[in-house]
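The values are calculated or read from the model by the stated rules, or taken from the named source; none is laboratory data. None of the values given here were measured: they were computed from a predicted structure. Cβ atoms come from the backbone with ideal geometry, glycine included; neighbour counts cover every protein chain shown.
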Amino acid sequence: MKKKSDIKNYKLSELIYWFKTPQKYWLNKNNISPKEIFIHHPDEEYVSNLQKSKLITKIIQQLDIDNHNIIDDLNELNINDQLVENGIIMPKNSIFIREKEIKDLLSSLCASLSQHNKINRIYVKSNANKEEYLIADDTVIELINANLSLSRLTEAWIKLLFISSLKRNIKRTKVIFRKENNYKSQIIQSPGVTESNLILEEYINIFKNYSEKCLPIPPESAYKYVEAKIKSKNEKKAFIDKWIGNKNFSKGERDNIEMKICFGNEKEPGFFLGNNNFDQLSYRLYSPLIKALKK
């Protein structure tokens, strides 16, 4: 019988880092510095959105999300002063357009936060692991001032598994994220104490096997593959669309430099889709998360 991995012997932060970007983790651990610049994923922020993300992040840090008066504080905020203080200077009268844009954005954030009576900051510790959480009753609140990428989603997932493995009262994580100029939310249901421990053990077993070598699956394409399979859609097409991309509009995952280092240039989809190990490993990694997402 296979011996289960001891969660206590692994740092959660390292597991999160690996799970978010397994190929980059491997490259960094082995001091492999590619000559090319890493290509950002299509959902990464543009410069204007980056300014917006930095501004909102700074505002939240100043006010504190666990401040029980945060809704009033956000509504009373002088947006014009915040724009000037952060060096966001607009020509002519466009400052009023940007001010309204930020006000609308903060209004959508207030609407999401107001669904919870009180948000408290707690620290959960187990041996070498200590994580900070924002808790509203039985819900973990994760606020992301950017779009919800796979790496951000998986980080919230691992953190939910950790707290759920220790506290029975945690039922879900609510990920509040910014899409364009509105805050939206994604619910991740907790699997419960027993199942959370089992999933973490499974992830640690995979991490042990692949922390010293390149994970043999491309994360984003594999995620799309498993998602389509669970929803009884064409999983091969879903994989190909993400792996190859659309040359007219977006690059595929295979164009990222870490994918080229791990798998070679222009690797064809059949390299993965014809391999049973790809199917099994992808399902082990991503099916628990996909099944936990509430639509």
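One residue alone among Ser232, Ser164 is modelled with pLDDT of 95 or more and on the phi > 0 side of the Ramachandran plot, and that residue is Ser232.
Listed conditions (1) farther than 15 Å from Ser185 by Cβ; (2) in contact with a helix residue (DSSP H, G or I) (Cβ under 9 Å, 6 or more places away or on another chain); (3) surrounded by fewer than 18 Cβ atoms within 10 Å (Cβ to Cβ) are all met by Ser164, apart from (3).
Pairing each residue of region 109-125 that is in contact (Cβ under 8 Å) with a residue 40 or more places away in the chain with any residue that is surrounded by 14 or more Cβ atoms within 10 Å (Cβ to Cβ) and of a type in the set (Asp, Glu), provided the two are 6+ apart or on different chains, yields C-beta distances under 7 Å for Ile119/Asp66; Asn120/Asp66; Arg121/Asp66; Val124/Glu131. Taking (1) among the basic types (Lys, Arg); (2) closer than 22 Å to Trp18 by Cα; (3) crowded, with 19+ Cβ neighbours inside 10 Å in turn, Lys130 satisfies each apart from (3). For region 214-246, filtered to residues that are buried (at least 17 other Cβ atoms within 10 Å of the Cβ) and of a type in the set (Lys, Arg), the residue that is farthest from Lys260 (Cα to Cα) is Lys229.
Considering (1) under 25 Å from Tyr17 (Cα atoms); (2) touching a residue at least 60 places away in the same chain (Cβ under 8 Å); (3) among the polar types (S, T, N, Q), the lone condition that Ser250 does not fulfil carries the number (1). Check whether at least one residue in region 249-260 is assigned to a helix (DSSP H, G or I), crowded, with 16+ Cβ neighbours inside 10 Å and among the polar types (S, T, N, Q), and report yes or no. Taking every residue of region 249-260 in turn, none turns out to be assigned to a helix (DSSP H, G or I), crowded, with 16+ Cβ neighbours inside 10 Å and among the polar types (S, T, N, Q).
Just checking, does region 260-267 include any residue being more than 22 Å from the chain's Cα centre (by Cα) and among the aliphatic types (A, V, I, L, M)? Yes - at least one qualifying residue is present in region 260-267.
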